[in-house]
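S.K.: Right, I'll just put the structure down here and ask away after.
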Amino acid sequence: MVDATRFFARLAALGITPNAISWWGFFATLLCGISLAMGAGDVLPTETGSTQAPVSWWPLAAFVFISLASALDLLDGGLARHLGTSSPYGAMLDSTLDRFGDIAIFVGCSVYFAGHANMTWTLISGLALSGTVMISYVKARGENLTEGLGIGYWQRGERCALLIWSSFAGRVPAALFVLALFPLLTVLRRYLTAKRKLAGEEALSTFEIAALDRAPRWSRLTPPFLTLAVGIAGFVFVAPRLFPFFQAVSDPLGSLLR
């Protein structure tokens, strides 16, 4: 605690503001998006074994920039609390830049796959963007009317952690596949929770009630949470080796429509 206090005091002494850090994090995310536009479907030159995917260091560049952006995202709030300057405007700015940063990442992936004429993975990138935006939208809109919607596994920290790991491992397409599907479960959970709070239990169907009641309620860093996180990380790393589809080397949708 003392070290953190000294660190924030040094930042303040340099005239660095929380809002400035938020902007720096946003620009780091833009650089991550550019890196992904150049090599989202590439594997790293250190990859062993045969692969049909292009090879480059661009995924590692994306790893560096998204790691930097994530670190800065933690710093701005800590500095604001240290300075006692936390404000609704600062929170709004941070959230707005976070959303634009999310968009930059997935647009970068879409640009890469569109440039390679891969319709399947361009669509998957768009679905991943949609799930990411809708998670935040349902919470923001719902909490204008009620509270307690910051629930579900696929919050921003988990999504960023997956992108950090996948870019470090050169497995971005596999992460996009996961992000195109499973965050929608968090969107559904937040929507049904808001429906229960706002419209009452009688507004939900039997299926909706069962889905809510069976949804996991464990917190971060609990054994079930860590087990799921390790399982997802393992899938992202191993699946492309077993099934080349998860490294975006095929285009089933494009082949069907051409």
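The values are calculated or read from the model by the stated rules, or taken from the named source; none is laboratory data. Predicted model only: the values in this text are computed from it and were never measured. In this analysis, Cβ positions are derived from the backbone assuming ideal geometry, glycine residues included, and neighbour counts consider all displayed protein chains. The protein model used for the area step is the full one, side chains on, heavy atoms only, and it has no ligands, DNA or RNA in it. Shrake-Rupley method; radii C 1.70, N 1.55, O 1.52, S 1.80 Å.
S.K.: Name every residue in region 129-153 that is part of a helix (DSSP H, G or I), of a type in the set (A, V, I, L, M, F, W, C) and more than 15 Å from Ala37 (Cα to Cα), in order of residue number.
M.R.: Val133, Met134, Ile135, Val138, Ala140
Let's see how each residue does on (1) over 11 Å from Ala62 (Cβ atoms); (2) under 16 Å from the mean Cα position of the chain (by Cα); (3) not in a helix (DSSP H, G or I):
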{"position": "Phe7", "(1), (2), (3)": "yes, no, no"}
{"position": "Arg10", "(1), (2), (3)": "yes, no, no"}
{"position": "Ile16", "(1), (2), (3)": "yes, no, yes"}
{"position": "Ala28", "(1), (2), (3)": "no, yes, no"}
{"position": "Cys32", "(1), (2), (3)": "no, yes, no"}
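S.K.: Can Phe65 be described as of a type in the set (Phe, Trp, Tyr) and more than 30 Å from Pro244 (Cβ to Cβ)?
M.R.: no
S.K.: Checking Phe246 against (1) under 17 Å from the mean Cα position of the chain (by Cα); (2) aromatic (Phe, Trp, Tyr); (3) buried (at least 19 other Cβ atoms within 10 Å of the Cβ), only one condition comes out false. Which one?
M.R.: Only one criterion is unmet by Phe246, namely (1).
S.K.: Could you tell me how many of the residues in region 90-102 are open to solvent by less than 60 Å² (accessible area, probe 1.4 Å) and closer than 19 Å to Ala180 by Cα?
M.R.: Qualifying residue count, region 90-102: 3.
S.K.: Among the numbered criteria (1) open to solvent by less than 60 Å² (accessible area, probe 1.4 Å); (2) within 23 Å of Ala161 (Cβ to Cβ); (3) at pLDDT below 85, which one does Ser87 miss?
M.R.: (2)
S.K.: Filter region 38-73 down to residues that are open to solvent by 40 Å² or more (accessible area, probe 1.4 Å) and at pLDDT below 95, then give me how many there are.
M.R.: Within region 38-73, residues that are open to solvent by 40 Å² or more (accessible area, probe 1.4 Å) and at pLDDT below 95 number 12.
S.K.: Still on this structure, I have one more. Does Ala104 fit the bill of being outside any loop (DSSP other than H, G, I, E, B) and either at pLDDT 95 or above or touching a helix residue (DSSP H, G or I) at 6+ places or on another chain (Cβ under 9 Å) (or both)?
M.R.: Taking the combined requirement at face value, the residue satisfies it.
S.K.: Another question, then. Filter region 229-243 down to residues that are open to solvent by 70 Å² or more (accessible area, probe 1.4 Å) and either in a helix (DSSP H, G or I) or in contact with a Phe, Trp or Tyr (Cβ under 7 Å, 6 or more places away or on another chain) (or both) and give me whichever is nearest to Trp154 (Cα to Cα).
M.R.: Filtering region 229-243 for residues that are open to solvent by 70 Å² or more (accessible area, probe 1.4 Å) and either in a helix (DSSP H, G or I) or in contact with a Phe, Trp or Tyr (Cβ under 7 Å, 6 or more places away or on another chain) (or both), the one nearest to Trp154 (Cα to Cα) comes out as Val230.
S.K.: Another question about this same structure. Suppose we filter region 41-79 for residues that are in contact with a strand residue (DSSP E or B) (Cβ under 7 Å, 6 or more places away or on another chain) and either free of Cβ contacts under 8 Å to residues at least 12 places away in the same chain or in a helix (DSSP H, G or I) (or both); how many remain?
M.R.: Of the residues in region 41-79, 0 are in contact with a strand residue (DSSP E or B) (Cβ under 7 Å, 6 or more places away or on another chain) and either free of Cβ contacts under 8 Å to residues at least 12 places away in the same chain or in a helix (DSSP H, G or I) (or both).
S.K.: Quick one: what pairs do we get from region 234-249, first residue farther than 14 Å from Gln52 by Cβ, second in a helix (DSSP H, G or I) and polar (S, T, N, Q), C-beta under 6 Å, 6+ apart or different chains?
M.R.: Every condition considered, the pairs that remain are Val236/Ser166.
S.K.: Within region 190-213, how many residues turn out to be of a type in the set (A, V, I, L, M, F, W, C) and touching a Gly at 6+ places or on another chain (Cβ under 7 Å)? Write out each step before concluding.
M.R.: Of the residues in region 190-213, the ones of a type in the set (A, V, I, L, M, F, W, C) are 192, 194, 198-199, 203-204, 207, 209-212.
Filter again for touching a Gly at 6+ places or on another chain (Cβ under 7 Å), leaving 194.
Number satisfying all stated conditions: 1.
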